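Inspection log for the structure reproduced underneath, given as structure tokens.
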Amino acid sequence: MNELERNERYNAYVEAKMPKTKPWPSLFHAFWVGGLICCLGELIKDLCLYFFPYMTTQDAATWSLVALIILAALFTGLGIFDRIGAYAGAGTIIPITGFSNSIASPAVEFKREGLVFGLMSKMFIIAGPVIVSGVVASIVVGIIYLFI
Amino acid sequence: MLNRLGKQTLLFRNRPKVVGSYSVVGPKEGRGNFGKFFDKILEDDLFGEKSYEAAESKMLKLAITEAINNAKINKDEIDALFAGDLMNQIISSSFAARKLDIPYLGLFGACSTMAESLIMGSCYVDGGFARYAACATGSHFSSAEKQFRFPLELGTQRPPTSQWTVTGTGCTILGNTSTSNIYIENATIGKVVDWNVTDANNMGAAMAPAAMSTLKAHLDDTGRTPEDYDLILTGDLGKLGSEILMDLMEYNGYKIGNNYNDCGQMIFSNTQKTFMGGSGCGCGASILNSYIYSRMRNNELKSVLFIATGALMSTVSSQQGNSIPSIAHAVSIKIEGSK
């Protein structure tokens, strides 16, 4: 048995032996926590519309996003968000809360390396790729839109 | 006369003694299975410092100074300090050493550093290059997460094969005196082994072949069987890695099981949600320097083969798609009078 063959066999053996994430419990956790966050967003929007009757629905939706971002950043700073995230997985990552956490958590982590090269530059180590791909996607869509 | 057995094993004819030891762990490790054995359990893993890196260094320094006190010798009698850790440029060890005023050699063997430092210390003491040598290593969960993985507060899920880096340090003082009956008999230096595991979240699988290679070389060189040891103890293979090692040894015609355990698998209790168990330099270091020596001093264990395993990758090599080269060193620790 040559080295390549041995490595392939070993990795196949490891793959078969290693514990896997159970999809159904993960999906359930993500569903109810994610759903709850979305309901909270709706609630904030409705409250905005209730207390400020002249606000447009679009503005109310924006304020609801702002509120969720602030809440997620606050919970990150308080050290609670990572525990919810460990339980809910995609349930907290997919809503805007995940984006807020991905910027706030490196800020907390790297603030000890200074304001500029620590906090400010490391803030985007997780969210940076999301922003880059978002901008690239919008350019592509923009070009397509130009021709149709 | 060469002080060697076979191809990879060093024989310490002058029997360097374990004259002192000390272990320091974080609060989570203190709540684990070995809480009552550790010498010091921190209440807060920042240990009064401004950063986790500084805390790790302070823990390492504490382990070294207290191990010297435990050996009941003067700091000036320590002629060499061998230490290493997981941080880039081994800052925890070097920063601890700058306050200690002891001739220092920094080591890097990732999580195998406890065995590596014991081997270097044994060579120094056995060869008459040092009256006493300090062998130390440690790791910190929070500094390791920051360097190797994600920010602590990021809400991600850990994969089920992942392990939890132990916040812990340990130091052994070796010397050529008769004040102790625990001695280092021989040691097998491992080769770098890479079976093309690329998953940095599955260190156990990456390191198990290295442990197998070193254990097999040790048995070949010494002409022993696994049953000749009361305990064969690997450093931080974790649950999956230990099972793989047992399978690999069986495939090679050796049955280990009854007298085999792994520090990573042992250190945390099942309710602590660490998946495959503990990892890091501090995992093997804290257990060896507390529970193992204590059982040896009580004559409950007479011969222990300590095999610390290390994954020798960096975040850069992993991002570039490289596989994980691994190493394991074995140290045979015995008490006087055992066969």
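The values are calculated or read from the model by the stated rules, or taken from the named source; none is laboratory data. These numbers come from a predicted model, not from an experiment. No Cβ is skipped: glycine too gets one built from the backbone with ideal geometry, and neighbour counts run over all protein chains shown. Note: areas computed on protein heavy atoms with side chains; ligands, DNA, RNA excluded. Shrake-Rupley method; radii C 1.70, N 1.55, O 1.52, S 1.80 Å.
Applying the condition of being of a type in the set (Asp, Glu) and within 15 Å of B:ALA285 (Cβ to Cβ) to the range B:19-55 and asking which residue is surrounded by the fewest Cβ atoms within 10 Å (Cβ to Cβ) yields B:ASP39.
Per the listing B:SER213, B:SER162, the residue uniquely within 14 Å of chain A (Cβ to nearest Cβ), in contact with a Phe, Trp or Tyr (Cβ under 8 Å, 6 or more places away or on another chain) and either at pLDDT 95 or above or under 22 Å from B:SER317 (Cα atoms) (or both) is B:SER162.
Would you pick out the residues in the range B:295-313 that are more than 28 Å from B:ASP221 (Cα to Cα) and surrounded by 16 or more Cβ atoms within 10 Å (Cβ to Cβ)? Scanning the range B:295-313 gives a single hit, B:MET313. The set of residues in the range B:81-123 being open to solvent by 50 Å² or more (accessible area, probe 1.4 Å) and within 24 Å of B:LEU312 (Cβ to Cβ) consists of B:ASN88, B:GLN89, B:ILE91, B:PHE95, B:TYR104, B:LEU105, B:PHE108, B:MET120. When B:ASN289, B:ASN261 are screened for being at pLDDT 95 or above and open to solvent by 10 Å² or more (accessible area, probe 1.4 Å), only B:ASN261 passes. Being within 17 Å of A:VAL33 (Cβ to Cβ) and assigned to a helix (DSSP H, G or I), is that true of even one residue in the range A:48-68? Checked against the condition, which is being within 17 Å of A:VAL33 (Cβ to Cβ) and assigned to a helix (DSSP H, G or I), the range A:48-68 yields at least one hit. Is it fair to say B:THR161 is assigned to a loop (DSSP other than H, G, I, E, B), more than 22 Å from the chain's Cα centre (by Cα) and of a type in the set (S, T, N, Q)? No; evaluated as a whole, the condition is false for this residue. In the list A:THR76, A:THR57, which residue meets the criterion of being within 11 Å of another protein chain (Cβ to nearest Cβ), hydroxyl-bearing (Ser, Thr, Tyr) and in contact with a Leu (Cβ under 9 Å, 6 or more places away or on another chain)? After ruling out the rest, the residue left standing is A:THR76.
The set of residues in the range A:44-54 being touching a Phe, Trp or Tyr at 6+ places or on another chain (Cβ under 8 Å) and either open to solvent by 60 Å² or more (accessible area, probe 1.4 Å) or not basic (Lys, Arg) (or both) consists of A:ILE44, A:CYS48.
Scanning the range A:104-132 for residues that are closer than 18 Å to B:GLU53 by Cα, in contact (Cβ under 8 Å) with a residue 12 or more places away in the chain, open to solvent by 30 Å² or more (accessible area, probe 1.4 Å) and facing chain B (nearest Cβ under 7 Å) yields a single hit, A:VAL108.
Being at the interface with chain B (Cβ under 9 Å from one of its Cβ atoms), hydrophobic (A, V, I, L, M, F, W, C) and surrounded by 10 or more Cβ atoms within 10 Å (Cβ to Cβ) is the filter here, so list the residues in the range A:1-30 that pass it. Selection gives A:VAL14, A:MET18.
Criterion applied to B:LEU174, B:LEU154 was being within 26 Å of B:LEU42 (Cα to Cα) and touching a Lys or Arg at 6+ places or on another chain (Cβ under 9 Å), and the one residue passing it is B:LEU174. For the range A:79-103, a residue qualifies if it is open to solvent by less than 20 Å² (accessible area, probe 1.4 Å) and within 9 Å of chain B (Cβ to nearest Cβ), and the qualifying residues are A:GLY79, A:PHE81, A:GLY85, A:ALA88, A:GLY89, A:THR92, A:THR97, A:GLY98, A:ASN101, A:SER102. Beta carbons closer than 6 Å, at least 6 apart along the sequence or on distinct chains, pair a first residue in the range B:131-159 that is farther than 16 Å from B:LEU118 by Cβ and more than 7 Å from chain A (Cβ to nearest Cβ) with a second that is surrounded by 24 or more Cβ atoms within 10 Å (Cβ to Cβ) and acidic (Asp, Glu) for B:HIS140/B:GLU56; B:SER143/B:GLU56. For the range B:190-210, what are the residues that are touching a Phe, Trp or Tyr at 6+ places or on another chain (Cβ under 8 Å) and within 23 Å of B:LEU118 (Cβ to Cβ)? Scanning the range B:190-210 gives B:ALA206, B:PRO209.
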